[in-house]
Amino acid sequence: MGFKLTWIDPNLAEDGHRVYRDTSPIDRDSPPTPIADLPANSTQYIDGDVVAGNTYYYAVGAYISGGAERISSSLEVEAVEPDIETPYSIAGLVHWLSAREVTPVANGDPINATWADRSSASNEATQSTVSKRPTYLVSGANGQPGLSFTSTTEMEFVASAPLPGNNASTTLYLIIQGSAQDTSNITTLYGNGRAGCYFRDDGNMLGVANVEGGQNRTSEPLINNTPQAIYISSTGAEKLAEVYYNGTAAPIASGANAIIRQNNWIGGYPSTDPSYTGLIYEALVFDRELTLSERQQLDTWASNLYGMQMGSD
């Protein structure tokens with residue numbers, strides 16, 4: 001586990017920043033050896049070497065080479081093991097694919113044919129063709145494993161119990177880390193072709209659509225190589241209710257449709273459209289709209305596991 005430290009840099013002429021850590025309050029006149037020396041204008045640092053149950057103190061110094069250094073007051077932080085089972089406490093979970101639960105293979109190798117569903121609905125994702133399976137990344141965001149998809153990989157899940165869709169209320173929660181997408185057409189992330197969640201072909205902006213209703217797009221782009229939590233909920237009338245990126249609300253088109261069908265695909269769709277390129281860490285589906293408190297529970301869970309900074313909407 002780890003901590004992501006962020007700060008505001010008001011300095012105009014520093015040569016760098018030093019990050020200090022100790023197990024007692026830091027004396028600014030006699031600080032410990034820094035754990036990191038960062039370039040000028042840095043505003044964040046991830047400390048991935050912490051132990052659950054310990055309390056740490058952090059301070060950040062801005063310095064001029066061979067000259068003065070100004071060190072902040074220390075911040076006390078307790079390392080608490082994240083609750084990795086949070087989604088089970090939220091009613092209506094009907095699909096949960098987690099890269100953390102994939103049978104481990106060697107780093108960079110294709111995973112096995114089945115990606116097991118952690119919900120009780122047994123909605124497994126499968127791919128019989130080895131060359132079309134995603135590969136296993138041992139250590140991704142915050143040291144967690146991920147599945148790497150390319151333009152030629154995708155997995156299908158054929159529900160043994162129906163997934164919500166058509167006129168059912170639905171919530172989709174994805175944690176991804178994408179690369180630049182193919183802009184020749186839309187790229188399916190989770191759905192049945194263009195019925196679901198995808199990145200569209202004009203700037204890698206996320207879209208949500210159904211086949212009948214056409215493309216209904218949000219204004220938020222994919223942030224390359226950065227973990228993102230995507231929350232999408234729809235009402236029972238195939239209408240988008242809410243879209244959030246890392247805990248911050250995104251505008252959606254008036255009357256936009258959203259549908260998550262049975263027999264979906266993740267990471268791509270076998271058609272003329274290109275497949276998603278990047279990592280997928282988690283994919284969850286609930287058979288209803290979630291409350292504000294439940295969405296915030298998921299955001300806290302994702303932030304703790306993957307080191308993401310969440311908004312407060």
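Just so you know, all these numbers are worked out from the coordinates, no wet-lab data involved. Given the structure is predicted, the values throughout are model-derived calculations rather than measurements. Cβ atoms come from the backbone with ideal geometry, glycine included; neighbour counts cover every protein chain shown.
Numbers for the structure displayed
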read-out: Spin-label model distance (nm) - Val80 vs Thr43, 7 Å beyond Cα toward Cβ; value: 2.7
read-out: Label-to-label distance, nm, for residues given as Thr226 and Val51 (7 Å Cα→Cβ offset); value: 3.4
read-out: Stretch gain in nm, segment Ile8-Ser179, where the contour uses 0.36 nm per residue and the Cα spacing is subtracted; value: 58.8 nm
read-out: Ascending count of other beta-carbon atoms within 10 Å, so fewest first, for Met155, Met310; value: Met310, Met155
read-out: Residues Thr23, Thr300, sorted so that the one with the fewest Cβ neighbours within 10 Å comes first; value: Thr23, Thr300
read-out: Exposure proxy ranking, count of Cβ atoms within 10 Å, fewest first, for Leu298, Leu147, Leu137, Leu75; value: Leu75, Leu137, Leu298, Leu147
read-out: For Arg133, net neighbour charge (Lys/Arg +1, Asp/Glu -1) across residues whose Cβ lies under 15 Å away; value: -3
read-out: Proximal charge balance of Arg28 [Cβ under 10 Å; K/R count +1, D/E count -1]; value: -2
